[in-house]
1. Go through (1) outside any loop (DSSP other than H, G, I, E, B); (2) buried (at least 16 other Cβ atoms within 10 Å of the Cβ); (3) not aliphatic (A, V, I, L, M) for R264 and report which single condition fails.
2. Quick one: which of L111, L85 is touching a strand residue (DSSP E or B) at 6+ places or on another chain (Cβ under 6 Å), surrounded by 17 or more Cβ atoms within 10 Å (Cβ to Cβ) and not small (G, A, S)?
3. Give me a count of the residues in segment 186-210 that are of a type outside the set (S, T, Y), closer than 28 Å to G13 by Cβ and in contact with a strand residue (DSSP E or B) (Cβ under 6 Å, 6 or more places away or on another chain).
4. S91 versus (1) surrounded by 14 or more Cβ atoms within 10 Å (Cβ to Cβ); (2) hydroxyl-bearing (S, T, Y); (3) at pLDDT 90 or above: which is the lone unmet condition?
5. Please note which helices (runs of 4 or more DSSP H) are completely contained in segment 300-392 and include at least 2 residues that are at pLDDT below 95 and aromatic (F, W, Y).
6. Would you mind finding the one in F54, F49, F72 that is of a type outside the set (V, I, T), touching a strand residue (DSSP E or B) at 6+ places or on another chain (Cβ under 6 Å) and free of Cβ contacts under 8 Å to residues at least 24 places away in the same chain?
7. Between a residue in segment 152-175 that is closer than 14 Å to L119 by Cα and any residue that is part of a loop (DSSP other than H, G, I, E, B) and small (G, A, S), which pairs come within a Cβ distance under 7 Å, given they are 6 or more apart or on different chains?
8. Return yes when N178 is out of contact with any helix residue (DSSP H, G or I) (no Cβ under 6 Å at 6 or more places or on another chain), touching a residue at least 24 places away in the same chain (Cβ under 8 Å) and surrounded by 13 or more Cβ atoms within 10 Å (Cβ to Cβ) and no when it is not.
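The values are calculated or read from the model by the stated rules, or taken from the named source; none is laboratory data. Everything numeric in this text was worked out from a predicted model, so none of it was measured. Positions of Cβ are backbone-derived with ideal geometry, glycine not excepted, and every protein chain shown enters the neighbour counts. Quick note on the areas: whole protein, heavy atoms, side chains included, nothing else; ligands and nucleic acids left out. Shrake-Rupley method; radii C 1.70, N 1.55, O 1.52, S 1.80 Å.
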Amino acid sequence: MAGDALRAADLPGRGRGLLAARSIREGEVILTEQPLLLYPASLSSLPSFCSACFRSLSAAASPCPSCRAAGFCSPSCAAASHPRLLCTALSGGGGNGNLASAAEPHQEPLLFLLSAYSLPEPSLRVLLSLSSAATPPPRDQDPGSLHAMVTALVPPQMLPPGFSPDLTAALLSKDRTNSFSIMEPYRPEVPQPLRKARAYAVYPRASLLNHDCLPNACHFDYADRPGPGNTDIVVRALHDITEGREVCLSYFAANWQYKDRQQRLLEDYGFRCECERCQVESKWKQDDDSDGGDGDDTMEEEEEDGNGGEGGDDEMEQEEGDGGSDSDDDFPHSYFFVRYLCNHGECYGMLAPLPPLPNGEPSHVFECNVCGNLKNEDEIDAPDGGDSSMAD
């Protein structure tokens, strides 16, 4: 059923997006997609993760016979290898430089460019068809300078037809708006701001999913699971979604404060969010600017006071609508945080229901997309919001 759950549409003021093509049940897998492009997040991550599938590497990893910098977890991954231009750059095969000597701010965009330019021509065309960043790149990621670095790292005969500064600039504009992070294994002792990606991936269809600060879906990656498809993106519905409604993700942790969300969206994606949550919280900011208070404290208090419930779009609207207590009027979205924000330690991932049972009934079990913990629904909806988790 996942293949017919979504349809693309042009949305006024939002560009392209994905709408529910039919009624979607809570927990339903609405999209599974293989990456078009997959590349390491940093040079420092190469010794820790397979350069083909990005599973965590053991001591028995096999080094790449060409560059010796990359490693593989199995013979099949060694046979698949990794992007050829990236391998050449890691080995110094270009003759005029070595990727490891590049300044740190340049390394991530160079890893992307070397991997993108290694794609077959049809895949490169698909990548170029995706949406572009609406804001200029950071100063230390100037497309002209990065193009010159690629030229120095790779022999001319290995570069694809059409290689040019304009094409490099066009590719860089695709990376910033279409890449998903595949995170390093979750460790509870690492605070949220210090968690790192092991790799980045571009999924053409998933890249159409727009942002909402109160999303109705979230995505999972299962990079360390056995078997094929471990780098596929899996998108599940948080609650029931009616036909014709836009399906959205949050581009960052849902517990971010208003000013941080707006800054990130403006700098990286070129827009200000006008979702229901931001409209409420922008009013707090206006009130606080007048009163000299701090709206962030208000938000944290309201999130702690929220009560749980059940339901899909209709109930979410009822919970978020008018007519509640004074506290509900101040923060009508508290229900969302109680039900869908993981409170295991300092995880702050999204809790999504597991897929419906074979008989169509809801699973009543929620999975966190960051720490992987499972919770029964009655634990989430308990008045004290307890954080006890199901046994593994």
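1. Result: R264 passes all but (2).
2. Details: L85 fails: touching a strand residue (DSSP E or B) at 6+ places or on another chain (Cβ under 6 Å).
Matching residue, one of L111, L85: L111.
3. Step one: of segment 186-210, the residues of a type outside the set (S, T, Y) are 187-199, 201-202, 204-206, 208-210.
Narrowing further to those that are closer than 28 Å to G13 by Cβ: 201-202, 204-206, 208-210.
With the extra rule that they be in contact with a strand residue (DSSP E or B) (Cβ under 6 Å, 6 or more places away or on another chain), the set shrinks to 201-202, 205-206, 208-210.
Final tally of qualifying residues: 7.
4. (3)
5. 334-340
6. Details: F54 fails: free of Cβ contacts under 8 Å to residues at least 24 places away in the same chain; F49 fails: free of Cβ contacts under 8 Å to residues at least 24 places away in the same chain.
The unique qualifying residue is F72.
7. none
8. Values: out of contact with any helix residue (DSSP H, G or I) (no Cβ under 6 Å at 6 or more places or on another chain): no; touching a residue at least 24 places away in the same chain (Cβ under 8 Å): yes; surrounded by 13 or more Cβ atoms within 10 Å (Cβ to Cβ): yes.
No.
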